Amino acid sequence: MTQSAAAQKPPATPRRLDPEDAQTALAEVQERLRRQQLVADLVHRQEEGDAKATLVEDLVHRQHEAELKTLLDGLHPADIAFILESLPKDERQAIWKLVSPEHDADVLLEVEDWVRESLIEAMDRQDLVAATGNMDADELADLAPDLPPDVVAEVQKGLTEEERAQLLEAMGYPEDSVGAIMDFEMVRVREDVTLEVVLRYLRRLHELPDHTDQIFVVDRQDKLQGILPLSRLLVSEPETEVRAVMNSDFLALNPLDSDADAAGAFERYDLVSAPVMDDQGRLIGRVTIADVVDVMREDSQEQALSRAGLQEEDIFAPVSTALRNRAPWLLLNLCTAATASFVASQFEGTVSQIVILAFLMSIVAGIGGNSGNQTMTLIIRALAMGRITGRNLWQLVKRELFVTLLVGLCGSLVAALFAWVISRSMSIALVMMAAMVCNMLVGASVGVLVPMVRARFGKDPAMGSSVLLTFATDSLGFFIFLGLATFFLL
């Protein structure tokens, strides 16, 4: 490039990371929707059939739509997805109609599943076919479960034989497997060609697949022989053959491997991409860091919801849907709370004679729950990372109980001092201390056992764990504290 051409080139305008950009855009969208609704309400207060008022409403409505469309056209599809997820269904549908058709496919891939369903419902068949017609096979496989069967069939007609086979293959793998998240776009070369030939081949491509950090070396049967990092390709002599510089020691995934295990491997080995091989050693796809980040985010969200006994739902879903999602575990929580209250009621005589116990027993139950929650969080994370085995399980249990005992002894001294200050009774202080240590050990035990037992039977170890922990620490905490008080103080 000449100096004059370089001088005429406009300066770069880098897009800086600002977490508030999406929130700002959301606020602007909500404000414009509010103004539009305000105008509609004012017009409706006019006399029915007033042609002038109707014309004003129509003009203002079009103006607001034009402003919203201009705003949306300047946003990244991920930011549009965030806005759609943050709006009630009616407003979401109104904004979705204003999104440029060229962004439809990207937005559908970015939004959460529960939003995607409502967006697809609002699209007609022709728009759906247009939005999904240019998707890669792996992207189409992600959307296929939410698409009408006739739309999937229509899109398949426009695919090549290879793309159709890839789509059917991707749709055939379990949802939480590597096969379900792998993509088929990658660069393959032979081991008997020179690096100069590889470079010429790469230059003929329009662009490299996203997150390409290595080229896969295969034989004529597509069996993976090694990997050629781009960094090594660039710094090696062009006359060198691929086999001389490729890595024969590499990590490969199987399509039936768990996506969580793949995420753990990416984290452990700092990978950007990894090949996927079938049982015959053939290269069938690859997994990239972008896919893994999505898996980690989804697993984190599911784990956070599961601990409270919830499933993913639209935050603006109908009340009936929210009730079906939340009621079962809330009813279970009600039963556990009732059980804890029943346990406390059996010591009515003790509490009536030593009223101060009623104020102290909530401390015992609360501290036990907090202690158990710490242990449970560590166990659930260790299970997710695959760090707990039959060999180290008992060692881990002993360690958690010992740590809890030490923390309990330290904390119980403070609790005993507090109990003595408000009661002026050393006996009550000692009972408080003993009950607190015992209940913290109960919480730690439950924090270990509940996730382990659920994982042993193939269940989500986080599902409803906090509800069960609260039940144990409340019921047993009341029983231990009031039982010790009855035995030693009466």
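The values are calculated or read from the model by the stated rules, or taken from the named source; none is laboratory data. Since we're looking at a predicted model, the values are computed, not measured. As a convention, Cβ positions derive from the backbone with ideal geometry for all residues, glycine included, and neighbour counts pool all protein chains shown. Please note that ligands, DNA and RNA were not included when accessible areas were found on the heavy atoms of the full protein model with its side chains. Shrake-Rupley method; radii C 1.70, N 1.55, O 1.52, S 1.80 Å.
When all protein chains stay in place and ligands, DNA and RNA are ignored, the 1.4 Å accessible-area order of W394, W96, W114, largest first, is W394, W114, W96. Spatial offset of segment 123-181 relative to segment 430-451 amounts to 52 Å, using the alpha carbon center of each.
The equivalent ellipsoid that matches the C-alpha gyration tensor of segment 168-210 spans semi-axes of 30, 12, 7 angstrom, in descending order.
Computed from backbone phi, the HN-Hα couplings of segment 284-296 come to 10, x, 8, 10, 10, 4, 5, 5, 5, 4, 4, 5, 4 Hz, rounded to whole numbers (Karplus: 6.51 cos²θ - 1.76 cosθ + 1.60, θ = phi - 60°; Gly and Pro given as x).
Between segment 457-475 and segment 390-427, how many Å separate their Cα centres? Here the answer is 21 Å between Cα centres.
By definition, a body whose alpha carbon gyration tensor gives a ≥ b ≥ c is prolate when a/c is 1.5 or more and a/b is larger than b/c, and segment 250-293 fits this prolate description.
Backbone geometry of segment 347-364 corresponds, through the Karplus equation with coefficients 6.51, -1.76 and 1.60 at θ = phi - 60°, to 3J(HN,Hα) couplings of 10, 4, x, 5, 5, 5, 7, 10, 5, 4, 4, 5, 7, 8, 5, 5, 5, 4 Hz, x marking Gly and Pro. Note that segment 85-211 presents 54 Å² accessible area per residue, ligands and nucleic acids not counted, probe 1.4 Å. In this view, the solvent-accessible surface of K459, computed with a 1.4 Å probe and all protein chains in place, comes to about 120 Å².
The peptide list 337-343, 133-139, put in order of mean Cβ contacts within 10 Å with the highest first, becomes 133-139, 337-343. Pairs of Lys residues in the chain that lie 8 or more places apart, or on two chains, and have C-alpha atoms under 27 angstrom apart add up to 7.
3J(HN,Hα) along segment 412-423, derived from phi through the Karplus expression 6.51 cos²θ - 1.76 cosθ + 1.60 where θ = phi - 60°, amounts to 5, 5, 5, 5, 5, 5, 4, 5, 5, 4, 8, 10 Hz, with x in place of Gly and Pro.
Taken per residue, the accessible surface of segment 350-411 reaches 58 Å², heavy atoms only and a 1.4 Å probe.
Given R0 = 22 Å, the distance between the Cβ atoms of E28 and D58 translates into a calculated FRET efficiency of 0.45. Each peptide in 476-484, 173-181, 215-223 gets a packing score, the mean of other Cβ atoms within 10 Å over its residues, and the list from highest to lowest is 476-484, 173-181, 215-223. Between K157 and E191, what is the label-to-label distance in nm when each label sits 7 Å out along the Cα-to-Cβ direction? For the pair K157/E191, the computed spacing is 4.5 nm. In the complete set of protein chains, residue-level accessible area for Y201 is approximately 80 Å², probe 1.4 angstrom.
Nonpolar atom fraction for the chain, defined as the carbon and sulfur part of the 1.4 Å probe accessible area, stands at 56 percent. Compactness check for the chain: Cα Rg over 2.2 N^0.38 Å is 1.32. Between the alpha-carbon centres of segment 243-264 and segment 326-376 there is a gap of 50 Å. Paramagnetic label reach from D257 (point 7 Å along Cα→Cβ; backbone nitrogen cut-off under 17 Å): within segment 210-240, residues 213-217, 224-228.
For the peptides 71-80, 428-437, residues were scored by their other Cβ atoms within 10 Å and the scores averaged per peptide; the highest-first order is 428-437, 71-80. For R200 and N370, the FRET efficiency from 1/(1 + (r/R0)^6), where r spans their Cβ atoms and R0 equals 51 Å, is about 0.20. Can you give me the long-range amide H partners of L253? Hydrogens built in the peptide plane at 1.01 Å from N, cutoff under 5 Å, separation of 5 or more residues or another chain. It is V276, M277, by chain and number.
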